[in-house]
Amino acid sequence: TENDRADTEDFLYKFIDNFVKPSSDRVFMWQEDTNLNIGTIVVKDNIPEMHYVSITVGN
């Protein structure tokens, strides 16, 4: 619904501002079936960590 979309956009802005921007300047987006995934890769102690959120679309 329109309310869900607004809430999702707000959540994504907060996720990017509070988590992605302080540690990376790259955001990755990919889709698997009805899931839209948005995240970043952070290297900590020479180990890459993938952090992302998954949003179901179209339901």
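No other residue among Ile16, Ile55 is surrounded by 10 or more Cβ atoms within 10 Å (Cβ to Cβ), under 12 Å from the mean Cα position of the chain (by Cα), modelled with pLDDT of 90 or more and in a strand (DSSP E or B) apart from Ile55. Consider only pairs whose beta carbons are under 7 Å apart and that are at least six residues apart or on different chains; among these, list those whose first residue lies in the range 14-34 and is farther than 14 Å from Ile55 by Cα and whose second residue is surrounded by 10 or more Cβ atoms within 10 Å (Cβ to Cβ) and of a type outside the set (Val, Ile, Thr). Close Cβ pairs satisfying both conditions: Phe19/His51.
Checking the range 38-46 against the condition returns no match, with no residue being modelled with pLDDT under 90 and small (Gly, Ala, Ser).
Taking the range 19-52 as the range and being hydroxyl-bearing (Ser, Thr, Tyr) and either under 22 Å from Glu2 (Cβ atoms) or in a loop (DSSP other than H, G, I, E, B) (or both) as the test, the residues that pass are Ser24, Thr34.
Can you tell me how many residues within the range 23-37 are modelled with pLDDT of 90 or more and either exposed (fewer than 14 other Cβ atoms within 10 Å of the Cβ) or acidic (Asp, Glu) (or both)?
Here is the first cut: in the range 23-37, the residues modelled with pLDDT of 90 or more are 26-37.
Keeping just the survivors that are either exposed (fewer than 14 other Cβ atoms within 10 Å of the Cβ) or acidic (Asp, Glu) (or both) gives 26, 28-35.
Number satisfying all stated conditions: 9.
Here is a check on your reading of the model: is Lys44 exposed (fewer than 10 other Cβ atoms within 10 Å of the Cβ) and out of contact with any His (no Cβ under 9 Å at 6 or more places or on another chain)?
For Lys44, the condition - exposed (fewer than 10 other Cβ atoms within 10 Å of the Cβ) and out of contact with any His (no Cβ under 9 Å at 6 or more places or on another chain) - is met.
The number of residues in the range 35-56 being touching a Ser or Thr at 6+ places or on another chain (Cβ under 9 Å) and either touching a residue at least 24 places away in the same chain (Cβ under 8 Å) or aromatic (Phe, Trp, Tyr) (or both) comes to 4.
The values are calculated or read from the model by the stated rules, or taken from the named source; none is laboratory data. The model shown is predicted, which means the values in this text are computed figures rather than measured ones. Note: ideal-geometry Cβ built from the backbone for every residue, glycine included; neighbour counts use all protein chains shown.
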